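For reference, the structure discussed in these notes is given below.
None of the figures in this text is laboratory data; all of them are computed from the coordinates on show. Here the structure is a predicted model, which means the values were calculated and not measured. A quick note on method: Cβ atoms are made from the backbone with ideal geometry, for glycine too, and the neighbour counts reach across all protein chains shown.
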Amino acid sequence: ASVPYSHTERETFLAEHCRPGVVLKSASCDIFQNLAFEDWIHAHVDVEKRSILFMCRNRPAVVIGRHQNPWQECNVPLARERGIPVARRRSGGGTVFHDLGNVNLTFFSSRKRYDRQRNLRIVTRALRQLSPNLDVHATERFDILLNKQFKISGTAAKLGRTGAYHHCTLLCSADRALLSATLRSACAAGIRSNATPSVAAPVRNLRDEDPTLNCDAVMEAVASQYYADFGLSAPAVVVDPTDELSHPGIRRITQELQAWDWVFGKTPAFSLDTSFEVQCEACDTKVNLTVGVKSGAIETCSIESPQDWLPPAMCRELSGLMVGSRFRPSDMAVIFTAFLRANPQSHELENKMHILCEKVVALM
Amino acid sequence: MATVPLRVSIRFAGRLVCPRYGCRPWTPRVLTADPGSPFHPTPTRVPQERFFRAGHVAPGPILPFKLADIGEGIREVVVKEWYVKEGDVVSQFDSICEVQSDKASVTITSRYAGIIRKLYHEVDSTALVGSPLVDIETDGVQEEVPQEDVVETLAVSRGGNAHQEVKGQKTLATPAVRRLAMESNVKLSEVVGTGNDGRILKEDILNFLSSQTGAILPPCSDHKEQTLSSEAAARATAPVAPLARHPSVPVEGKNGTERLKGFQKAMAKTMAAALKIPHFGYCDEVDLTKLVRLRSELKDAAEMRGVKLSYMPFFIKATSLGLLQFPILNASVDESCSNITYKAAHNIGLAMDTPQGLLVPNVKNVQALSIFEIAAELNRLQALGAMGQLGTADLTGGTFTISNIGSIGGTYTKPVILPPEVAIGALGKIQVLPRLNPWDEVVKAHIMKVSWSADHRIIDGATMCRFSNLWRSYLENPASMVLDLK
């Protein structure tokens with residue numbers, strides 16, 4: 001059982017002579033706060049003598065790897081519409097979907113004690129303790145497979161100078177429909193970039209296999225297995241990632257992680273080549289859009305429309321204005337408004353411009 | 001481990017021979033600190049240091065910094081991001097680059113202090129373990145930290161003065177910063193580090209000290225202080241202040257040229273189109289004493305319904321009532337100036353200062369909205385504006401604009417019409433001024449100046465004047481608005 005966070009617990013957690021392994025459980029379900037907490041531990045806590053296991057669950061969110069392209073990995077407009085935040089973590093690897101049915105485990109240790117297979121063994125042993133006939137095992141690629149085919153856990157890691165962390169997810173009872181809808185990009189086919197791609201795999205919830213495997217039970221089992229590894233038996237310590245007094249500097253880290261410039265602006269340079277259909281005199285024609293984006297800002301842009309739908313001069317003017325602004329809907333709205341003010345059009349043309357703008361924004 | 005003490009003593013010997021100013025080149029960071037500060041090592045002190053060795057003496061040896069073994073039998077990695085470029089000065093343990101291997105991101109930190117002279121790899125190229133990553137020009141007094149012992153050595157030096165430990169929390173700071181903290185009686189554990197890996201920099205200590213003595217004023221985002229009356233302060237509707245936003249400026253003392261892009265370009269184009277319109281201006285002052293009283297009565301009722309009520313909804317509604325009598329002000333004229341289109345909807349735009357810049361979202365169909373509904377819509381637009389999330393629907397389709405520049409300051413101004421509109425109004429700040437009442441007594445009045453601009457191709461002075469008088473009469477006597485409310 002977890003005990004409430006108290007001052008004496010914190011002293012114990014940080015003191016030198018304390019247990020060699022500590023399990024921390026987050027009181028927050030906010031992806032940015034929990035990612036910030038991971039970052040904070042990595043930067044501020046000495047893991048030479050003491051290893052840490054941090055566990056949390058988050059409200060629905062998409063988490064992409066440090067060097068990935070969010071537009072390639074998920075449906076950004078859909079996520080925005082549904083209020084699902086997109087977050088970029090500091091470690092590499094692929095994209096994961098978080099929700100309250102997905103358990104996150106982060107194993108902090110010194111570089112010497114960094115051992116991903118050992119961490120995954122703790123997880124599989126814990127699961128088998130709860131459900132002895134469960135067929136779960138870790139692969140060479142540090143995934144955990146259920147029944148040798150379904151992925152229930154993915155791994156990513158970050159190595160610093162003296163400390164390292166290995167985090168993995170564990171699918172207990174995630175919303176699979178929401179997961180697949182959100183992780184299906186609208187324009188991946190047209191994107192060319194050097195960003196790390198994700199490797200898709202068939203997934204399954206642990207709860208589908210054994211209904212007793214819910215998140216709380218799983219977290220408790222992993223915690224006690226972790227402590228057992230050190231020959232201890234102790235409760236998990238509940239931590240509050242918003243507590244600035246106990247964790248000075250964590251609020252700034254949380255804000256940095258939420259900033260557009262980190263989540264989207266850090267995307268490696270890519271080009272997007274796509275087209276959309278528009279109605280033209282009772283038949284459909286295609287408008288082509290090609291943009292080159294670097295650091296989240298549009299570097300090159302070209303819009304090609306059939307002559308009778310939009311005059312090429314207008315398309316050129318609009319794409320010229322788009323260069324230099326960020327690849328995001330609010331920036332596009334500003335550019336578009338300014339374009340309309342500077343280039344007054346007939347009612348018909350203005351409507352077409354609105355349609356064009358809508359289609360472009362639907363990609364961002 | 002018998003070899004450990006030997007390594008430690010070499011480190012200490014190294015420290016004796018080269019005090020902090022000698023071990024690394026003179027970093028620009030130190031030089032730019034305030035020379036008046038007691039903590040700044042003034043350049044004049046430098047030659048008196050017996051052991052001083054500055055970086056601008058003959059350049060030291062260039063050492064290749066090789067990619068250390070990452071473990072797990074990994075032979076090659078992909079370089080994903082560089083944190084330094086050629087010519088940068090680095091300290092020991094500063095982050096050099098980020099590499100990726102097999103689902104692990106590794107931050108490579110520098111083993112030496114010095115100047116980066118060469119980067120061996122491009123982003124996304126492969127680097128082999130043991131091959132050089134960068135060349136660093138050192139000043140020759142670096143002790144070589146053997147690669148394979150990197151973990152143990154660091155564990156040892158932690159016992160020395162390299163890292164202070166407070167309750168198991170590692171605090172990263174260079175010896176220079178530690179000395180500064182010691183001299184100023186600052187506990188490193190209380191300072192938030194802003195450097196790499198949370199490292200505490202000299203600036204962090206200085207900031208911490210000024211925050212202790214109150215030397216730095218909290219950022220003033222509230223420009224309501226500028227208005228003379230407190231009610232007027234509450235009237236402010238334009239969200240937070242341009243002071244919070246710092247457009248990039250060229251380095252002091254040097255000219256800097258950068259291309260206009262994105263938003264700035266858009267604004268330049270809009271204004272160029274706007275100034276093709278022949279403007280004329282018309283100004284007046286409005287006595288808002290009765291409105292101020294009315295608003296203070298209604299504020300709480302609106303608050304209970306979850307809406308913040310400022311003066312803007314009244315101004316906007318009065319504008320719409322005026323436009324009903326003078327529809328030509330809500331029109332649009334085409335480029336060749338041969339057709340006027342009278343717009344039925346009163347989509348009144350509100351100039352807003354947002355983090356993105358000047359944006360003008362509009363409230364649609366004000367002619368059909370109550371003051372409460374206008375206030376609610378304004379709240380929504382302001383919230384979106386502050387978050388930088390205004391969409392196309394909110395930003396386009398405006399037919400008339402009001403700018404509340406008075407929330408920041410000013411009285412009379414010459415606003416620029418935003419095409420395709422034909423008129424615009426700018427409101428100054430509400431001042432409490434003495435005025436004469438009908439019985440020749442001097443009384444306190446809340447006065448606001450308004451400045452209108454209109455397109456002289458289709459609007460004449462008399463029309464503007466009559467519209468302004470009507471608008472003014474609604475606001476000076478709010479009860480009269482009730483007669484004409486639809």
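Say R0 is 60 Å: what FRET efficiency, to the nearest 0.05, do B:ARG380 and B:ILE62 get from their beta-carbon distance?
On the way: r = 60 Å, r/R0 = 1.00.
For R0 = 60 Å, the calculated efficiency reads 0.50.
Across the residues of A:316-329, average count of Cβ atoms on other protein chains within 10 Å?
3
Suppose each label sits 7 Å from its Cα in the direction of the beta carbon; what would the A:ARG184-A:ALA217 distance come out to in nanometres?
So the two model labels end up 3.2 nm from each other.
At 0.36 nm per residue, and after removing the present C-alpha to C-alpha distance, how many nm does the segment from A:ALA177 to A:THR300 gain when stretched out fully?
This chain segment gains 40.7 nm when fully extended.
Total Lys pairs in chain A closer than 19 Å by alpha-carbon, pairs eight or more apart in sequence or interchain only? Kindly include the intermediate steps, with their values, before the conclusion.
Working: A:LYS49/A:LYS112; A:LYS49/A:LYS158; A:LYS112/A:LYS158; A:LYS158/A:LYS266; A:LYS266/A:LYS294; A:LYS286/A:LYS352; A:LYS286/A:LYS359.
Qualifying lysine pairs in chain A: 7.
Starting from the Cα of B:GLU373, step 7 Å along the direction of its Cβ; do the same at A:ASP261; then give the gap between the two resulting points in nm.
It works out to 4.1 nm between the two label points.
Taking the Cα centre of chain A as the origin, how large is its charge dipole in debye, to the nearest 20, when only Lys and Arg (+1) and Asp and Glu (-1) carry charge on their Cβ atoms?
On the way: 42 positive and 39 negative charges, 245 e Å.
The dipole of chain A has a size of about 1180 debye.
What net charge do the residues around A:ALA362 carry, taking every other residue with its C-beta under 13 Å from that of A:ALA362, with Lys and Arg at +1 and Asp and Glu at -1?
Values: positive: A:ARG80, A:ARG328, A:LYS359; negative: A:GLU81, A:GLU277, A:GLU358.
With Lys, Arg at +1 and Asp, Glu at -1, the neighbours total 0.
Per-residue HN-Hα couplings for region A:341-347, Karplus 6.51 cos²θ - 1.76 cosθ + 1.60 at θ = phi - 60°, whole Hz, x for Gly and Pro?
Those phi angles translate into 5, 7, 10, x, 10, 5, 4 Hz.
Output the 0 to 90 degree angle, nearest 10, between the alpha-carbon long axis of helix A:312-322 and the longest principal axis computed from the alpha carbons of chain A.
Relative to chain A, helix A:312-322 is tipped by roughly 30 degrees.
Pick out, from B:ILE277, B:LEU291, B:VAL307, the residue whose Cα sits farthest towards the positive end of the charge dipole of region B:273-332, with +1 on the Cβ of Lys and Arg and -1 on the Cβ of Asp and Glu.
After comparing all options, I get B:VAL307.
Evaluate peptide A:154-167: per residue, the Cβ atoms of other protein chains within 10 Å of its Cβ; return the mean as an integer.
Numbers: counts 1, 3, 3, 6, 5, 9, 7, 13, 10, 2, 4, 1, 2, 0.
Per residue, the number of nearby Cβ atoms from other chains is 5 on average.
I'd like the mean, over residues of B:330-339, of how many other protein chain beta carbons sit within 10 Å of each residue's own Cβ. Write out the running numbers ahead of the final one.
Details: counts 0, 0, 1, 1, 3, 3, 0, 0, 0, 0.
Across the residues of B:330-339, the mean count of other-chain Cβ atoms within 10 Å is 1.
Pop a pseudo-label 7 angstrom from the Cα along the beta-carbon direction at both B:ALA268 and B:GLU76 and give the gap in nm to one decimal.
Here the answer is 4.6 nm between the modelled labels.
At a Förster distance of 25 Å, what's the computed FRET efficiency of B:LEU485 paired with B:GLU441, Cβ-Cβ distance as r, to 0.05? Kindly include the intermediate steps, with their values, before the conclusion.
Details: r = 33 Å, r/R0 = 1.30.
Calculated value: 0.15.
Starting at the first residue of region B:309-314, write each ³J(HN,Hα) from the Karplus equation 6.51 cos²θ - 1.76 cosθ + 1.60 with θ = phi - 60°, in whole Hz, x for Gly and Pro.
Once θ is set to phi - 60°, the couplings for region B:309-314 become 9, 10, 7, 3, x, 5 Hz.
Any lysines with Cα under 27 Å of the B:LYS202 Cα? List them, leaving off those in the same chain fewer than 8 positions away.
In chain and number order, the partners are B:LYS85, B:LYS167, B:LYS170, B:LYS187, B:LYS254.
If amide hydrogens are placed 1.01 Å from N in the peptide plane, which non-local residues have theirs closer than 5 Å to the one on A:VAL203?
For A:VAL203, whose amide H was placed from the backbone, the distant partners under 5 Å are A:LYS151.
Straight-line reach only, C-alpha to C-alpha below 17 angstrom: list the lysines that B:LYS299 could link to, leaving out same-chain residues fewer than 8 apart.
Result set, ordered by chain and number: B:LYS290, B:LYS308, B:LYS317.
What net charge is computed for the residues neighbouring A:GLY265, neighbours being all others with C-beta under 14 Å from the C-beta of A:GLY265, Lys and Arg scored +1, Asp and Glu -1?
Details: positive: A:ARG66, A:ARG88, A:LYS266, A:LYS294, A:ARG326, A:ARG328; negative: A:GLU256, A:ASP261, A:GLU299, A:ASP331, B:GLU81.
Net charge in that neighbourhood comes out at +1.
Restricting to Cα pairs below 8 Å that are 6+ residues apart, what does the relative contact order work out to for chain A? Please round to a whole percent. Kindly include the intermediate steps, with their values, before the conclusion.
Numbers: 690 pairs, mean separation 67.2, N = 364.
Relative contact order of chain A: 18 percent.
By average Cβ neighbour count within 10 Å, what is the ranking of B:371-382, B:338-349 from highest down?
Details: B:371-382: 19.9, B:338-349: 16.3.
Those peptides, ordered most packed to least, come out B:371-382, B:338-349.
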